[in-house]
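Below: one structure, written as structure tokens.
The values are calculated or read from the model by the stated rules, or taken from the named source; none is laboratory data. Everything quoted here is computed from the prediction, not taken from an experiment. FYI the Cβ positions are ideal-geometry reconstructions off the backbone, even for glycines, and counts take in every protein chain you see. Protein only, heavy atoms only, side chains kept; ligands, DNA and RNA dropped before computing areas. Shrake-Rupley method; radii C 1.70, N 1.55, O 1.52, S 1.80 Å.
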Amino acid sequence: MRTLDSTTSLRIAVQKSGRLTEKTINLLEGIGFKFDDYKRSLLVKCLNFDVELLLIRDDDIPEYVEDGVCDLGFVGANVVEEDQAEVTILRGLNYGVCRLSLAAPKEDRLRKAEDFAGKRIATSYPGITRRYFETRGIDVSVITLSGSVEIAPRLEIADAISDLVSTGGTLKANGLEEVLNIFDSETQLIKTKKPLSEGKEELINRILQRIEGYQKAAKSRYIMMNAPGDSVPVIKKILPSLKSPTVMPLADNGMVAVHAVVPLSTFWDVMEQLKEAGATGIVMLPIESMIA
Ligand code: PRT
Ligand code: ZN
């Protein structure tokens, strides 16, 4: 193993090829990092920062970060929790969202944790599953499988399963019913607990600030409209803007242009109210990044 922090580049672990790969690379590119073709190599240099990506299987990411082989990693909370990895969780990232759920054949009508007592449960997450039942004092037999967990009941090698679910389609297609959600997951940015150089710590803070701006921007929209000047007080009340909206006079008599940033979640309500207040030509634009 290398001596800690011997590389000058900040090394970031990213899943090589899977559900998180593209979204993680998009996020990194979205916050201003440029890379060579990441599909061609396991170690990819960043072209404009002292950063390199190590592309590996997601299961290996928590350990690489724990050991300090990588300084940061992007990985599902499910994997970090399964491994009980000794790492710092810097933030959740709102993608790769899923849940680990207990599921069983529909006709068995299992409803609560106690209904699983004495059952054989197949899973790729034996740690989380075991701990769930142990803390409740329920005795189950956990069977570890590395994939295709959903067919275990049909093959009669298990009575139930504990597996990741996002849409629920896989469970349905296999005649299984989701009974209990035992762990909520999303992609997390994790950091090693090994000491890092000041330069790396500074770069990590910069990355975090940029991610914050990127996430805020994803949840906001830039809104522009024209309105009669005398409706501005009403419009200002409607707009839940971060800052006071920009109001500019138009060549047309008494008309103004209003620009503001609004949370995406309120966009449709706001738009309807603005129309009622006399706004016309309402345009909504995505925002790439926002610095407070
Ligand atoms: O090769 P490597 O080991 O790196 O990849 P992998 O095959 O282990 O993982 P991958 O790429 O499938 O998933 C990576 C991460 O994505 C997981 O660790 C989760 O954090 C996250 N994620 C989000 C999911 C899902 N959603 C998901 N739906 N991981 C797996 N699934 C599977 C699930 O296991 C089941 O087979 O999708 C199926 C269920 O999906 P629905 O939509 O039918 O419910
Ligand atoms: Zn994996």
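Details
- Check on Arg11, of a type in the set (D, E, K, R) and part of a loop (DSSP other than H, G, I, E, B): no
- Here Arg109 fits the description: over 27 Å from Arg57 (Cβ atoms), outside the structural domain of Lys193 (by TED's automatic domain parsing), at pLDDT 95 or above and among the charged types (D, E, K, R).
- Being open to solvent by less than 30 Å² (accessible area, probe 1.4 Å), of a type in the set (A, V, I, L, M, F, W, C), modelled with pLDDT of 95 or more and within 11 Å of ligand 1 (Cβ to nearest atom) holds for only one residue in Ala104, Ala77, and it is Ala77.
- Residue in segment 171-179 that is within 20 Å of Val87 (Cβ to Cβ) and in contact with a Ser or Thr (Cβ under 8 Å, 6 or more places away or on another chain) present: no
- Residue in segment 157-164 that is more than 16 Å from ligand 1 (Cβ to nearest atom) and assigned by TED's automatic domain parsing to the domain that holds Pro105 present: yes
- Which numbered condition Ala257 misses (of (1) within 27 Å of Ser9 (Cβ to Cβ); (2) touching a strand residue (DSSP E or B) at 6+ places or on another chain (Cβ under 6 Å)): (1)
- For segment 135-157, the set of residues classified as within 16 Å of ligand 2 (Cβ to nearest atom) and open to solvent by less than 30 Å² (accessible area, probe 1.4 Å) consists of Val149 only.
To keep it simple, each residue is scored yes or no on (1) among the aromatic types (Phe, Trp, Tyr); (2) open to solvent by 80 Å² or more (accessible area, probe 1.4 Å); (3) farther than 23 Å from Val79 by Cβ.
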| site | (1), (2), (3) |
| --- | --- |
| Asp159 | no, no, yes |
| Thr167 | no, yes, no |
| Thr170 | no, no, no |
| Leu176 | no, no, no |
| Thr187 | no, no, no |
| Lys193 | no, yes, no |
| Leu196 | no, no, no |
| Asn205 | no, yes, yes |
| Leu208 | no, no, no |
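- The single condition among (1) assigned to a helix (DSSP H, G or I); (2) more than 10 Å from ligand 1 (Cβ to nearest atom) that Asp184 does not meet is (1).
- First in segment 228-257 and assigned by TED's automatic domain parsing to the domain that holds Val270, second anywhere and open to solvent by 100 Å² or more (accessible area, probe 1.4 Å), Cβ under 6 Å, 6 or more apart: Val256/Pro249
- Residue check, Ala13 crowded, with 21+ Cβ neighbours inside 10 Å, of a type outside the set (S, T, N, Q) and in contact (Cβ under 8 Å) with a residue 24 or more places away in the chain: yes
- Boolean, Glu82 is touching a residue at least 12 places away in the same chain (Cβ under 8 Å), under 22 Å from Lys194 (Cβ atoms), assigned to a helix (DSSP H, G or I) and open to solvent by 20 Å² or more (accessible area, probe 1.4 Å): yes
- Flag if Val65 is under 23 Å from Thr123 (Cβ atoms) and either without any contact (Cβ under 8 Å) to a residue 40 or more places away in the chain or within 16 Å of ligand 1 (Cβ to nearest atom) (or both): no
- Filtering Thr24, Thr8 for residues that are among the β-branched types (Val, Ile, Thr), within 18 Å of Leu93 (Cα to Cα) and either open to solvent by 20 Å² or more (accessible area, probe 1.4 Å) or within 13 Å of ligand 1 (Cβ to nearest atom) (or both) leaves a single hit, Thr24.
- Flag for Arg221 being closer than 30 Å to Thr8 by Cβ and basic (Lys, Arg): no
- Phe267, sole failed condition from (1) modelled with pLDDT of 85 or more; (2) surrounded by 11 or more Cβ atoms within 10 Å (Cβ to Cβ): (1)
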